[in-house]
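See below for the structure under consideration.
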Amino acid sequence: MNQTQISVNHKQIGYRIKEVREQNHISQAQLAEMTDLSVSYISHIENAKRKASLESVIRIVNALGITVDELLAGVQMNNPAAYQTDIDMLMEDCSENEKRFIYELIKASLETMHKNGWELASSDRHR
């Protein structure tokens, strides 16, 4: 049986937990209380300094009112929205001018690719 090595991006999982927690206006202390986990453990998960156990992930998603699927959206390979979280993380500390500049670069790159009919090779072809 041919098994493919799958790596879990704990940084993205932590980012998604923080993102959903903040969208729900829940502090780390509140989430810790809701999940019976420590504030430092929540912080370490959000900053990918520790890997959340499956039990902790289940406690967290239940407290946040989301499913594991919703937590992992954007973390899974071959997900159409896979890069949105990465882009959000890259731009997190950017000024508004830097964000606009990056947006214009991406837009110009796509326009050039489409105008010239350029296609990037799919990674599926190289497996």
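The values are calculated or read from the model by the stated rules, or taken from the named source; none is laboratory data. Just so you know, these numbers come straight off a predicted model, no measurement behind them. Don't worry about glycine lacking a Cβ; one is built from the backbone with ideal geometry, like all the others, and counts go over all protein chains shown. Please note that ligands, DNA and RNA were not included when accessible areas were found on the heavy atoms of the full protein model with its side chains. Shrake-Rupley method; radii C 1.70, N 1.55, O 1.52, S 1.80 Å.
In summary, residue 52 fulfils each of the numbered conditions (1) more than 21 Å from residue 91 (Cα to Cα); (2) open to solvent by less than 40 Å² (accessible area, probe 1.4 Å); (3) in a helix (DSSP H, G or I) with the single exception of condition (3).
Could you count how many residues in region 70-100 are modelled with pLDDT of 75 or more, over 11 Å from the mean Cα position of the chain (by Cα) and open to solvent by less than 50 Å² (accessible area, probe 1.4 Å)? Within region 70-100, residues that are modelled with pLDDT of 75 or more, over 11 Å from the mean Cα position of the chain (by Cα) and open to solvent by less than 50 Å² (accessible area, probe 1.4 Å) number 2.
Of all residues in region 13-28, those being open to solvent by 30 Å² or more (accessible area, probe 1.4 Å), of a type outside the set (Ser, Thr, Tyr) and assigned to a helix (DSSP H, G or I) number 6. Yes or no: residue 31 open to solvent by less than 60 Å² (accessible area, probe 1.4 Å), modelled with pLDDT of 95 or more and in a helix (DSSP H, G or I)? So residue 31 passes the test. Selection of region 34-49 for residues being part of a helix (DSSP H, G or I) and either open to solvent by 60 Å² or more (accessible area, probe 1.4 Å) or touching a Leu at 6+ places or on another chain (Cβ under 7 Å) (or both) yields 34, 39, 40, 42, 44.
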